[in-house]
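The values are calculated or read from the model by the stated rules, or taken from the named source; none is laboratory data. Computed from a predicted model, the values in this text were never measured in an experiment. Here the Cβ positions follow ideal geometry from the backbone for every residue, glycine too, while neighbour counts run over all protein chains shown. Heads up: the accessible areas ignore ligands, DNA and RNA and are worked out on the full protein's heavy atoms, side chains in. Shrake-Rupley method; radii C 1.70, N 1.55, O 1.52, S 1.80 Å.
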Amino acid sequence: MTTSPATLAATDALARFAVESEVDSSLAPRLRGLFLDHIGVAAFAAVHADSSPAVRAAVDRLDPHGGDATVIGVARRHSPASAAFLNGVHAHSLDMDDTNRTQTGHPGVAIFPAATAEAERLDVDGRTFLDAVAVGYEVCCRIGAALTSRSYERGFHITAVSGIFGAVAAVSRLRGFDAATTASAFGLALSKAAGSMQYLANGAWNKRLHPGFLAHDALTCATLAEAGVRGAADALDGRYGLLTGYTGEADPGALTDGLGTKWLLLDTAVKPYPSCRLTHGAIDAALALRDPDPGAELHVGIPSAAMPIVGEDSPAKRRPGSVVDAQFSVYFQVACAWLDGHVDWDSYQRLADPAVVAIIDRITVSADDSVPMGGGTLTVHSGGRTASRAVPVPLGEPENWIGDAALREKFASLAGRVFDDADDIADGVLGLSAESSMRALVRTLAGGGAA
């Protein structure tokens, strides 16, 4: 890939944007809602996700003395870096955290863990926190957009690869860095940007760890840069920068086009179901068309780019042996939606349920590139009748927004199983302002649900 002088300025432009830009105050309500969603998912996963006990046991060994930083839903306090790691892991363990179609990833789980740890440590006000989160989201989403979905073809998890730069941006703003120090932190983050899709081979927990790794490393890179450690120049767009090594077809213009005036973070969606976003259009269609016919035949259409991730006709998709396998199986997700009329965390208790297996065996999946990423189609043949439903934009996207009431309902359904005062927490998060103490708010999130 050849680069022009204008392109080579992009890393520095994003660094200046992160620490010098004016953040539109109209973004605050959306960011408060996304923060509430993040807290609910992280709290529930801390207590209920199958991977959480083992991950925390390892962190307790690595961080035996703990610290003053809060882990959402966990009684024990940790060092800021360990707390950021655990919050990142927990918040991504349900695959129910927010997504951004422009980034083709999960921005919230990349930004909030590091920003929350730093905001608690510094005790910034709510407006300062939201501004830092805004620039973190924007940097993350723009880098993901520049990588394009072709990055997945090289086996990279875009959430992790783009997310560390967004987390560095948010931390840099909270610490009051200048642009040069932020650019240096980006340069250091280049050597930590990672995240492999190979977890799909056996339903491994690597994917859940990625946001934890990046949050921990973002704090490390920011601290190194703050101390004067020099990072690589042109980290994103240089000769050996991110866009050269991590994708086969970059869109460098996405880094800066409309920067500061067009906020890509507004393309962020909230997930109603705990599974890969690429299954959600098909789930919506199944919920709309479901009927009691036990012999119905179901045909799902999803974009070709989604096929290897959620739609392959393979044993892992048709007979998922783990929660991760099932989260990335459109067969399992559609079967549960069709059978139960809902998809939630309890659906994963049915991995070997004969009723679910019987429906899966009546599902076929094929590529349909008339459907946008995240969308899906379903055609049902039942009792001599045929019915079809196309869902180009799944529930939760900005154009099909979940709504404030449903957002609070999702939070209550998750956090209500961890916190006795979930309603009060929601009020505090949705009321974040320049008068709010982030330390006071974050310390209400420890809970007593997990040690």
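Of the candidates V19, V41, V47, the single residue that is β-branched (V, I, T), touching a strand residue (DSSP E or B) at 6+ places or on another chain (Cβ under 6 Å) and part of a helix (DSSP H, G or I) is V47. Would you confirm, using the coordinates I've provided, whether T181 is among the β-branched types (V, I, T), open to solvent by 20 Å² or more (accessible area, probe 1.4 Å), at pLDDT 95 or above and assigned to a helix (DSSP H, G or I)? The answer is yes for T181. For V365, are the conditions met, namely being closer than 27 Å to G105 by Cα, in a strand (DSSP E or B), touching a helix residue (DSSP H, G or I) at 6+ places or on another chain (Cβ under 9 Å) and not hydroxyl-bearing (S, T, Y)? It is true that V365 is closer than 27 Å to G105 by Cα, in a strand (DSSP E or B), touching a helix residue (DSSP H, G or I) at 6+ places or on another chain (Cβ under 9 Å) and not hydroxyl-bearing (S, T, Y).
With respect to the conditions (1) surrounded by fewer than 24 Cβ atoms within 10 Å (Cβ to Cβ); (2) in contact (Cβ under 8 Å) with a residue 12 or more places away in the chain; (3) over 22 Å from the mean Cα position of the chain (by Cα), A286 falls short on a single one, namely (1). Confirm whether Y137 is open to solvent by less than 10 Å² (accessible area, probe 1.4 Å), part of a helix (DSSP H, G or I) and in contact with a Lys or Arg (Cβ under 6 Å, 6 or more places away or on another chain). In short, no. Considering segment 228-273, the residues that are hydroxyl-bearing (S, T, Y) and more than 30 Å from W345 (Cα to Cα) include one that is least open to solvent (accessible area, probe 1.4 Å), namely T247.
Taking the criterion of being under 19 Å from H157 (Cβ atoms) and among the polar types (S, T, N, Q), the residues of segment 280-335 that qualify are S322, Q327, S329. Only one of the listed residues (L298, L236, L214, L224) is assigned to a helix (DSSP H, G or I), in contact with a Leu (Cβ under 8 Å, 6 or more places away or on another chain) and either without any contact (Cβ under 8 Å) to a residue 12 or more places away in the chain or of a type outside the set (G, A, S) (or both). That residue is L224.
Residues of segment 61-88 that are assigned to a helix (DSSP H, G or I), touching a Gly at 6+ places or on another chain (Cβ under 8 Å) and free of Cβ contacts under 8 Å to residues at least 60 places away in the same chain: A83 alone.
Inspect all residues belonging to segment 100-116 and state whether any of them is in a helix (DSSP H, G or I) and of a type in the set (K, R). The answer is no, given that none of the residues of segment 100-116 is in a helix (DSSP H, G or I) and of a type in the set (K, R).
Could you tell me which numbered condition K192 fails, if it satisfies all but one of (1) part of a helix (DSSP H, G or I); (2) closer than 20 Å to A235 by Cβ; (3) open to solvent by 30 Å² or more (accessible area, probe 1.4 Å)? (1) is the only condition that K192 fails. When segment 198-220 is filtered for residues that are farther than 30 Å from L122 by Cα and open to solvent by less than 60 Å² (accessible area, probe 1.4 Å), the ones remaining, listed by number, are Y199, L200, G203, A204. Taking segment 375-450 and the helices (runs of 4 or more DSSP H) fully enclosed by it, the elements with 1 or more residues that are within 30 Å of A296 (Cβ to Cβ) and either touching a strand residue (DSSP E or B) at 6+ places or on another chain (Cβ under 8 Å) or open to solvent by less than 30 Å² (accessible area, probe 1.4 Å) (or both) are at 404-415. From the list T7, T2, T11, the lone residue that is at pLDDT below 95 and part of a helix (DSSP H, G or I) is T7.
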